[in-house]
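**Student:** My questions all concern the structure below.
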Amino acid sequence: MNLAETLALLKSKIDKLSINEDKGHLDHPEDLIFLGGSDGANRAIQATIATVKNPATVTIKWDGYPALIFGRNSSGKFSIMDKHMFNKKDGTGRQVFSPEQFVQYDQARGVGRDSLWPIINEIWPGLEKASKGAKGYYWGDLLFHQPLKDQNGSYVFKANPNGITYNVEANSPIGQLMSGKRAGIAVHQYIDPNAMTTDEAVTLNGNIGQLKNNSDVAIVPSAMPTAPKLKIDTTLVKNAQNAIKKYGPAVDQLMNSAPQARNTFNQLFTVYINKKIVAGDLNNLLAGFMDFVQNRPMTDKMKAKIVEHLKANEAGLVGAFTIWIEMYKLKMSVVNQLNKAAEVSPVKGYLQDGTETHEGFVSNGLKFVDRMGFSRQNLAGR
């Protein structure tokens with residue numbers, strides 16, 4: 001293989017990696033330092049800059065529940081399922097073609113989702129009609145499953161018990177879309193009819209694909225009703241870039257030479273961050289992490305290896321949390337602007353304490369969420 005062929009092959013692998021990172025699961029920009037090392041952090045910076053330059057690409061991350069996948073296979077047969085059913089390796093989860101079969105599938109695996117079964121039965125005809133003639137599957141979040149009542153010119157609903165309460169102006173385009181509907185589902189990703197896993201999902205960029213709003217179930221797009229105007233904080237960008245330049249190699253060494261499988265080792269950091277968020281305290285991340293590892297359930301042998309590895313790679317450990325903090329500050333400068341822009345939107349969201357906010361926003365394959373707001377409330381509720 002000559003140099004040109006080698007470079008072409010390398011580019012192909014990089015392109016596939018970049019595409020796969022944008023599919024299925026969405027990550028927080030700041031977490032990419034844990035998940036992808038210095039390359040991941042640099043990608044997060046570029047994605048944040050691209051978001052500010054192209055604010056029309058930003059979509060709402062609706063806080064619906066449950067998340068459902070619905071649509072038609074390559075033969076045109078309609079189905080509704082959840083992520084786990086879709087990803088079932090033997091394909092049986094994608095062979096559910098009626099509400100009755102949905103119940104039978106659950107019962108066969110010993111799962112009793114009694115509260116979900118009536119909802120599936122109610123929305124099945126509407127979603128089947130909305131997807132007629134549209135091959136492939138749509139991934140979305142159920143927003144409501146009872147007709148909404150006009151409350152002084154607004155529709156108020158809350159799908160996630162631990163999440164956002166929505167207030168939608170009844171006379172707005174989205175409010176009119178929801179008016180008189182049995183249910184509503186916000187769609188955000190599309191999956192090819194021949195796909196075997198949700199890793200193959202791609203963004204709908206705020207629209208509803210080939211679906212039609214012609215039934216008693218509202219298909220709600222994720223586009224922001226009002227396009228935001230954003231500015232990049234160049235100082236925060238430079239701070240993040242300088243932190244990556246200073247600590248990047250040490251962080252890569254820490255992550256790439258870990259005594260555990262990479263995904264398992266990464267989870268030490270992401271689980272720890274979530275615990276700090278629930279506690280409402282992002283101070284002393286480094287010192288707190290060592291205590292977290294010492295109390296983490298694992299074998300004594302593995303714990304000793306990890307502690308030894310962390311001590312031997314202290315610069316990488318310091319760097320990982322330093323970069324995370326700088327990335328979080330950069331991300332939050334954008335989230336705050338997006339929440340400010342949403343204040344004039346006909347779609348408003350509120351936390352349990354009355355704070356006006358959304359679950360978050362999606363752009364360039366990443367989720368822009370105020371983790372000390374929505375995430376803290378949602379995680380604590382679990």
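Readers should treat all values here as calculations from the given coordinates under stated rules, not as data from a laboratory. None of these values were measured; they are calculated from a predicted model. Glycine gets a Cβ as well: all are built from the backbone with ideal geometry, and neighbour counts include every protein chain shown.
**Student:** In nm, give the distance between the simple-model label positions of Thr92 and Ala56, each being 7 Å from the Cα along the Cα-to-Cβ direction.
**Tutor:** 4.8 nm
**Student:** Using Cα-Cα distances under 8 Å and only pairs 6 or more residues apart, what relative contact order does the chain have, in percent?
**Tutor:** 25 percent
**Student:** Top mean-square fluctuation among Asn339, Asn266, Asn256, Gaussian network model of the chain, C-alpha springs under 10 Å?
**Tutor:** Maximum among the listed residues: Asn256.
**Student:** Efficiency by 1/(1 + (r/R0)^6): what FRET value for Ala312 and Met196, r their Cβ-Cβ distance, R0 = 41 Å, to the nearest 0.05?
**Tutor:** The computed FRET efficiency comes out at 0.50.
**Student:** Shifting gears a bit: Can you give me the Cα centroid spacing of the stretch 58-89 and the stretch 271-312 in angstrom?
**Tutor:** Value for the Cα centre distance between the two parts: 35 Å.
**Student:** Compute the long axis of helix 285-294 from its Cα atoms, compare it with the longest principal axis of the Cα atoms of the chain, and write down the angle in degrees, 0 to 90, nearest 10.
**Tutor:** Tilt relative to the chain: about 90 degrees.
**Student:** Could you pull out every residue, at least 5 positions away or on a different chain, whose amide H is within less than 5 Å of the one on Phe368? Hs are placed 1.01 Å off N in the peptide plane, and Pro or chain starts have none.
**Tutor:** Phe361, Val362, Ser363
**Student:** For Ser75, Ser98, Ser154, what's the fewest-to-most ordering of other Cβ within 10 Å of each Cβ?
**Tutor:** The most exposed by this proxy come first: Ser75, Ser98, Ser154.
**Student:** Next question, about the same structure. Can you sort Glu128, Glu308 from fewest to most other Cβ atoms within 10 Å of each residue's own Cβ?
**Tutor:** Listing Glu128, Glu308 from fewest to most nearby Cβ atoms yields Glu308, Glu128.
**Student:** Could you work out how far the C-alpha centroid of the stretch 100-167 sits from that of the stretch 364-382, in angstrom?
**Tutor:** Their Cα centres are 22 Å away from one another.
**Student:** If you place +1 on the Cβ of every Lys and Arg and -1 on the Cβ of every Asp and Glu, how big does the dipole about the Cα centre of the stretch 204-287 come out, in debye to the nearest 20?
**Tutor:** For the stretch 204-287, the charge dipole is close to 260 debye.
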